[in-house]
Amino acid sequence: MAAPNARVRRALDTVLAEARPHTEGAVADYIPQLALADPDGLGVALVGVKGRTYEAGDSRREFTIQSVSKPFVYALALEARGVAELSAHVGVEPSGEAFNEASFDGGRPMNPMINAGAIVVASLIEGSTAEQKAQTILDGLGAFAGRTLAVDDAVFRSELATGDRNRELAGLAHGALGSSEDVATEAYFRQCAASVTAFDIAVMAATLANFGRNPLTGQQVVGPPVARWVMSVMASCGMYDGSGEWLARVGLPAKSGVAGGIVALDPGRFGIGTFAPRLDARGNSIRGLVMLESLSREYGLHLFSHENSLRRGPIRP
Ligand code: GLU
């Protein structure tokens, strides 16, 4: 493997320093256990599809994956059941509404990146009990991350105790569910409470960017067609109700979570994971947005940018 690129390491140090002064926003508190997070945690990691890794700040600090899990669990369900079957249960249109809105198209949730859609996806994962589904999910997320992951039990219990809105969404989605409402929501709560680091989610994103093959372990977790499909849905729906602006401004498929994680990726090149718990009004990590916007701008990462088109080269007839 070639020597790590000092320029990338410097870039991560630079964006970390740029993000640090941003102390606005607040940690999520609608799940009581999340309110206990250290608001000053700040980390970033970048993993290339050839397996080079770069990290800065609190890149190994554990936090719960929350909605960053959604594209990966969607990928696992797609791999097991195929696009046609999944599409009968959940759509792929941006909702333009908050993550916990009842955004439905007929009986189907609008997309798998909002809670209603993610609960339906969890219901379609193999296993007849919530524990079995959660284990399948945890094993799959672990394959993406390249290590065994565990559920943060305190966060899981906290979500279980306060998750009425998600139970309500499961009720509204009942026609699209592949299990009972209780099994679906409990599996989903365990999924959200999986404990990860910025480094883990960077490896997970790099696995998608590498068309389903984990660049550190070599395991083909999902096939290239599934990876392509999921990256597309991340691009259109991944950043809550800020998804359109995100794609125009930053131009990378991404997904954020309320514990402060964000993943972003450049297909065929790398995955990035950021961690910083203070959120904006839409639920996106403020320092995470600062870091990713800056990396995109400074290094021409926007998929539709001139720099990126030069890197990719013309199609020769
Ligand atoms: N477990 C959280 C919920 O369903 C996840 C939300 C998020 O990260 O967007 O409320």
Unique residue being surrounded by fewer than 24 Cβ atoms within 10 Å (Cβ to Cβ) and modelled with pLDDT of 95 or more when the list is Gly212, Gly242, Gly273, Gly261: Gly212
From the list Phe199, Phe144, Phe189, pick out the single residue that is assigned to a helix (DSSP H, G or I), touching a Lys or Arg at 6+ places or on another chain (Cβ under 7 Å) and crowded, with 20+ Cβ neighbours inside 10 Å. Phe199
Check segment 120-139 and report whether any residue there is more than 15 Å from the ligand (Cβ to nearest atom), of a type in the set (Lys, Arg) and in a helix (DSSP H, G or I). yes
Would you check if there is a residue in segment 292-307 being under 19 Å from Phe99 (Cα atoms) and surrounded by fewer than 17 Cβ atoms within 10 Å (Cβ to Cβ)? no
Could you identify the single residue in Val258, Val233 that is over 17 Å from Gly96 (Cβ atoms) and either within 16 Å of the ligand (Cβ to nearest atom) or touching a residue at least 12 places away in the same chain (Cβ under 8 Å) (or both)? Val258
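Any chance segment 65-73 includes a residue that's more than 15 Å from the ligand (Cβ to nearest atom) and in contact (Cβ under 8 Å) with a residue 60 or more places away in the chain? Before the answer, list the steps.
Restricting attention to segment 65-73, the residues satisfying the condition of being more than 15 Å from the ligand (Cβ to nearest atom) are none.
No, segment 65-73 contains no residue that is more than 15 Å from the ligand (Cβ to nearest atom) and in contact (Cβ under 8 Å) with a residue 60 or more places away in the chain.
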Gly171 passes all but one of (1) assigned to a loop (DSSP other than H, G, I, E, B); (2) free of Cβ contacts under 8 Å to residues at least 24 places away in the same chain; (3) farther than 27 Å from Ala205 by Cβ; (4) not basic (Lys, Arg); which number fails? (1)
Could you give me the residue pairs with C-beta distances under 6 Å whose first residue belongs to segment 153-165 and is small (Gly, Ala, Ser), whose second residue is surrounded by fewer than 16 Cβ atoms within 10 Å (Cβ to Cβ) and in a helix (DSSP H, G or I) wherever it lies, and which are 6+ apart or on separate chains? Ser158/Pro32
Quick one: is Gln66 surrounded by fewer than 22 Cβ atoms within 10 Å (Cβ to Cβ) and among the polar types (S, T, N, Q)? no
Among (1) within 26 Å of Met204 (Cα to Cα); (2) free of Cβ contacts under 8 Å to residues at least 12 places away in the same chain, where does Ala187 come up short? (2)
Failed condition for Val230, given (1) modelled with pLDDT of 95 or more; (2) in contact with a Phe, Trp or Tyr (Cβ under 7 Å, 6 or more places away or on another chain); (3) assigned to a loop (DSSP other than H, G, I, E, B): (3)
Among (1) closer than 29 Å to Phe211 by Cα; (2) not in a strand (DSSP E or B), where does Val47 come up short? (2)
Among the listed residues Gly96, Gly41, which satisfies the condition of being surrounded by fewer than 17 Cβ atoms within 10 Å (Cβ to Cβ) and in a loop (DSSP other than H, G, I, E, B)? Gly96
Restricting attention to segment 152-190, which residues are of a type in the set (Ser, Thr, Tyr) and away from the ligand (no atom under 12 Å from the Cβ)? Ser179, Ser180
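The values are calculated or read from the model by the stated rules, or taken from the named source; none is laboratory data. This structure is a prediction, so every number in the text was calculated from the model and none was measured. Glycine also receives a Cβ, built like all others from the backbone with ideal geometry; neighbour counts cover every protein chain displayed.
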